[in-house]
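Below is one structure, written out as structure tokens; the observations come after it.
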Amino acid sequence: MKASAEVLLRVKRLCRRYGAVDAVDDVSFEVFRGEFFSLLGPSGCGKSTTLRLLAGLEEPDSGEIRLKGEVVVSDRDRIFVSAEERHIGLVFQSYAVWPHMTVFQNVAYPLEVRRWKRPEIRRKAEQVLGLVGLTGLENRRPAELSGGQQQRLALGRSLVYEPDLLLLDEPLSNVDAKLREQLRIELKKLQQSIGITIVYVTHDQSEAMALSHRLAVMNRGRIEQIGRPEEVYKAPGTFFVQSFVGRLITFEGRLAERSSQRFVELPGERAIAVRDSRAIPNDSHVCLAVRPEDIEIETGEGAPGAQALPGKVQDVAYVGGHYECAIEAAGSEFVLDMPASVRLARGQAVTLHLKETTLWPR
Ligand code: ADP
Ligand code: MG
């Protein structure tokens with residue numbers, strides 16, 4: 001997004017508590033017009049609550065939400081604009097389309113409610129059904145559609161009155177894996193072609209990475225990091241972010257220093273040299289984290305080095321196209337993908353070269 005881009009949605013210090021649970025805890029972010037922005041985090045971290053607060057289905061304990069510069073919620077100014085007046089589209093995981101209406105009627109209805117004229121309704125409904133790939137199915141009822149088609153219909157119905165903002169809460173989680181990938185591509189195309197602003201909620205990191213311009217990683221009601229997918233993956237601000245976004249292999253050890261070189265001492269009298277600027281004091285308990293793609297495997301006991309770790313193959317499984325290898329090294333057990341050309345056997349000794357590591361306090 002360009003720096004000059006218009007901020008469409010601004011969320012400031014939003015809080016929502018349920019009893020003793022801080023469902024949404026001091027959440028702030030902004031979304032630019034035309035942006036695909038995701039809230040990513042594990043189940044229960046507060047994504048849906050945040051979305052319901054944006055939609056106006058829920059009132060925050062404190063904080064402020066602005067839409068196109070206008071305050072729609074503010075505890076301080078006692079403002080609460082109702083859901084209907086916010087002009088926001090919504091699609092939930094289990095968003096039921098109206099079963100007694102045809103495909104066409106489902107899409108036309110929101111416009112009838114808004115008192116559009118008949119020819120305009122027809123034109124707009126046809127256009128939107130084309131966008132979501134349902135042309136030709138106008139007279140079917142939802143029961144005569146596949147799961148994916150029903151979800152596209154829900155999407156079409158939420159798009160038809162051209163909302164400023166579209167909120168999607170895990171819209172693909174009820175469709176099977178193959179269809180999910182296809183719908184993901186379609187959704188991205190659709191967003192690009194109509195340029196609508198989307199706030200998307202998911203617990204699936206690859207989905208968030210593939211779709212979003214930027215994403216916010218949430219944990220226990222809080223946002224831990226906001227950034228582009230590459231930023232969040234390559235420069236994680238916290239251990240939680242690094243371990244939630246993408247695969248991560250970790251080793252537990254102690255930080256030591258010898259002749260101004262810092263090492264992590266791992267179980268089995270092994271030490272890995274680290275050059276990390278994080279201000280962690282010597283002698284602390286630490287976690288050494290490595291992405292699988294930053295590990296190079298050599299068979300046998302390779303030359304010892306400051307970045308090398310001996311390991312042992314625990315198990316090998318063929319999963320089609322490549323092997324999955326369970327490996328034990330320095331007190332950790334983890335799985336690495338190996339190309340079919342590398343033949344490893346159970347019990348075999350290997351050497352792991354850690355090309356890039358991150359250090360976290362424990
Ligand atoms: P997510 O969508 O990320 O899975 P939610 O926003 O649904 O998370 O929930 C966040 C936390 O708030 C959870 O601990 C959940 O149990 C709690 N919570 C959500 N809605 C309610 C509610 N209506 N009453 C009580 N607790 C709730
Ligand atoms: Mg949820």
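The values are calculated or read from the model by the stated rules, or taken from the named source; none is laboratory data. Fair warning: this is a prediction, and the values are worked out from it, not measured in the lab. In this analysis, Cβ positions are derived from the backbone assuming ideal geometry, glycine residues included, and neighbour counts consider all displayed protein chains. Just the protein is used for accessible areas: all its heavy atoms, side chains included, with ligands, DNA and RNA removed. Shrake-Rupley method; radii C 1.70, N 1.55, O 1.52, S 1.80 Å.
So the values come out like this:
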item: Per-region count, the range 154-172, residues open to solvent by less than 40 Å² (accessible area, probe 1.4 Å) and not in a strand (DSSP E or B); result: 13
item: Leading residue by the ranking (nearest to T351 (Cα to Cα)) among those in the range 283-297 that are over 26 Å from the mean Cα position of the chain (by Cα) and open to solvent by less than 70 Å² (accessible area, probe 1.4 Å); result: I297
item: The range 80-95 residues that are over 12 Å from L57 (Cα atoms), paired with ones that are at pLDDT below 85 (beta carbon under 6 Å, 6 or more apart); result: Q93/S173; Q93/N174
item: Test: residue in the range 173-182 that is crowded, with 22+ Cβ neighbours inside 10 Å and either in the same structural domain as G89 (by TED's automatic domain parsing) or not in a helix (DSSP H, G or I) (or both); result: no
item: Unmet criterion (only one of (1) of a type outside the set (A, V, I, L, M, F, W, C); (2) in contact (Cβ under 8 Å) with a residue 12 or more places away in the chain; (3) within 13 Å of ligand 2 (Cβ to nearest atom)) for R17; result: (3)
item: The range 75-128, residues that are open to solvent by 90 Å² or more (accessible area, probe 1.4 Å), basic (K, R) and at negative phi; result: R76, R114, K117, R118, R122, R123
item: Answer from S38, S43, S28 - the residue that is within 16 Å of ligand 1 (Cβ to nearest atom), assigned to a strand (DSSP E or B) and not basic (K, R); result: S38
item: Count of residues meeting criterion [in a loop (DSSP other than H, G, I, E, B) and open to solvent by 80 Å² or more (accessible area, probe 1.4 Å)] in the range 62-74; result: 1
item: Boolean, V113 is over 19 Å from H213 (Cα atoms), in contact (Cβ under 8 Å) with a residue 60 or more places away in the chain and either out of contact with any Asp or Glu (no Cβ under 7 Å at 6 or more places or on another chain) or not assigned by TED's automatic domain parsing to the domain that holds Q192 (or both); result: no
